[in-house]
Each structure stands twice: as C-alpha cells, then as structure tokens.
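To start, the structure itself, in structure tokens.
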Amino acid sequence: MSPAHFEDHSADISPRLVDPNGSEDEQQLEAALRPKKLADFPGQERVRDQLGLVLEAARRRGAPPDHVLLSGPPGLGKTTLAMIVASELEAPIRITSGPAIQHAGDLAAILSSLTEGEVLFLDEIHRMARPAEEMLYLAMEDFRVDVIVGKGPGATAIPLELPPFTVVGATTRAGLLPAPLRDRFGFTGHLDYYKASDLAAILARNADLLGVPATREGIEEIAGRSRGTPRIANRLLRRVRDYAQVHGRQVVDLGSARAALDLFDVDASGLDRLDRAVLEALCRRFGGGPVGLSTLAVAVGEEPDTVETVAEPYLVREGYMIRTPRGRAAAPLAWSHLGLTPPESSLGGALFDPAEGGDGRFTG
C-alpha cells in the first residue's frame, strides 16, 4: 500500500451505508476509481470474457460491435462496463438515462448528433418513454430515424440517416423491457453479486488509489459485510478510513473495520438498521408472517417502495425472508439471526425442516 494519505470525504456519509444507490458526490468519487480496461475489471468472469470476445471481433472487423444490454442489481458495475466498452473501442461515449428521455424528440436530438462508432449509454433503459422506445427500435436496427414535420394530415416523415453506433443499455429491471427492444441487443450480459474474494481485490486496489494503508484482515472484514456489491464496499471502506483517522490508528485493520462497521450499524452479515427492523417486525410483531408489504412498511416506519427495493432483495436472496402469495414471511435464518426460536406454526418453519440439514435458506 502507498503511504498514508487521507482526503476529506466527510460530506459523502450516506444515511444508509448499504444502499447500493449512491449520492452524486459518491458517484463522482467512484468514477475516479473505475477501471479503464476490461482486463482490469474484477469479478464477473463470464460476462467479462463474453464481452471481450464481442469487442475483439468488432475491432478486427473495423466496425462497431453489436448493441450491448447489461442487467443486474444496482452497484455491480454496469456503468463501469459501459465506459470500458468505449475505452476498449477508443470511441467517445454519450451518457444519458431512460427517465431523461420522455419524448421522441429528446432521443432524436441525441441520435442525430452521434458520430460514427460512438457509444450511446442509456442507463435505466427500461424507464424510457414508449414513443422514444419505438424510435430507438429503428435507429438500432437500420441506423436511421424518421423525423415528423408538421401536424395532422399534412405531417411528413423525413428519414434521417445515422452513422453506425453502439447502444449500451443498463437496467436493474430486465423484465420490464419490451421484447422488441430486448431483441435488438446483440449481446446481453447479466451481472450477479460478487464473491467476497473479488470484493477484497477491489477494495485492496481502491485503498491503494485513495492512499489508505490497509491490512488483508481489515479488507476481508469489509468485503464480508458488503452484500456482494462493489459500490457498498467502497462506501464502507471510506467510513472505516474515517474511523481509523479520527481514532488515530491511521490504518484500516481488523479492529478498525469491526469497530467502524458496528458504529454504523452494519452487522457481520451485512444487514443494517432497516434490514434488522424488517426482520424484527416480521418475527416479533407478526409471529413470522405472512404479512402484507404495506403493513410491514408501516411497522418499520418506511415507505413500501423502500422496503421492497432496498431491503427485500438482499433478505430474500440470503434466505432471511420468504415472499408468498399472502405476503412476506420470516425464514428460519431470520429467527436464528435475531437469536429467537421460531414457533412451530410459523410459515418459515413449515417450509424448512431442520432435520433435513442446510442453512435455512428457502429454495422451494
């Protein structure tokens, strides 16, 4: 690691350290830490190898590659991969998002200004307005758009030819993409959560870039509590660095990592205050469930969307919560995590027989 050097990032403390959606300041800092080449991109070996093949073949043909769709939960590197595509092709990149394109004219203005070989990155592409989607179909397939001039019976469609370009779309909700749009992407890659060893490699590299001395044990402790998400891992690293600096340790070691993460309510399993509040409500107030999402959200003092999109995906994936047609229920792992014994009548207990072995994760 390089010599100790600490920057002041106290302003980027997030209310939820394990929220994969970062603030604008955090996103700018993460941009500085992003790898620039595919070979430097850690983890996601399958997607990385497949994408590398697509890009190398395009370089040898001297033509833009097929359009690329990247899907997966937030914070896993979709934006980073889009920028790597442009870097590998030595092409400029135009960045926009689905919510920013609410009219076909918005998309037409962007498309008409693209240069040959340019990469157009559309984040959250599933949130694009339907008229713009229909224009994008033609642009991706035939590299042209029809500009409508006039209104009513006298309206005329003027075809506008576009130079060849590559669309890189990113989405956290691939199921919301209409089939005609999804089918126009020549390559689709799904990013999954990272292994702790991959997160440790990312953290070691970023600690060096930030000038933060760190031990292997400290890095591994942070990686193990990062929910398989690089964005969360980077945020926790900065908080542990702050703790080490304030307490005069000047190094991210195991003691600093544990003390800092305990201070910020991130437990050994990566669960934060909201996650534990959801489990507490399920087990203590509702006997393990099932309970409706709205009722559960009221019990923890959050909006239903927050519980559903922030806490629930990780709790379900790790086997703490079960989604049923009648609502959410606590799995046996939730009861054990809280140090409680599930009642025999609980739904989670009925779905899992401890005598059969396993770790209590629901796979039915």
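Only the coordinates and a few stated rules stand behind these numbers; no lab work does. Note that this is a predicted model, so its numbers are computed, not measured. Methodologically, a virtual Cβ is constructed for each residue, glycine included, from the backbone with ideal geometry; neighbour enumeration extends over all protein chains shown.
The 3J(HN,Hα) values that the Karplus relation (6.51, -1.76, 1.60; θ = phi - 60°) gives for segment 266-282 are, in residue order, 9, 7, 5, 9, x, 7, 10, 4, 5, 4, 5, 5, 5, 5, 4, 5, 4 Hz. Gly and Pro appear as x. Taking each residue as 0.36 nm, the span from Ile93 to Val246 lengthens on full extension beyond its C-alpha to C-alpha distance by 51.1 nm.
Fully extending the segment from Arg61 to Leu176, taken as 0.36 nm per residue of separation minus the present Cα-Cα distance, adds 38.1 nm. The fraction of Cα-Cα pairs per 5 angstrom bin, counted from 0 for segment 217-352, comes to 2, 11, 20, 19, 15, 12, 10, 7, 3, 1, 0 percent, rounded to whole percents.
Shape class of segment 55-192 from the alpha-carbon gyration tensor: oblate, with a/c at 1.5 or above and b/c at least as large as a/b. For Arg94, nonlocal amide neighbours, meaning residues 5 or more places apart or on other chains whose placed amide H falls under 5 Å from its own, are Val119, Leu120, Phe121. Each peptide in 230-241, 158-169 was scored by the mean count of other Cβ atoms within 10 Å over its residues; highest first, the order is 230-241, 158-169.
Subtracting the Cα-Cα distance of Glu134 and Lys36 from their residue separation scaled by 0.36 nm leaves 32.0 nm.
Past the 20 angstrom mark, what percentage of all C-alpha to C-alpha distances in segment 195-263 do you count? Value for segment 195-263 (Cα pairs over 20 Å): 13 percent.
Thr188's amide H: which non-local residues (gap 5+, or another chain) put their own amide H closer than 5 Å, with H modeled 1.01 Å from N in plane and none for Pro or chain starts? So Thr188 has HN proximity to Leu69.
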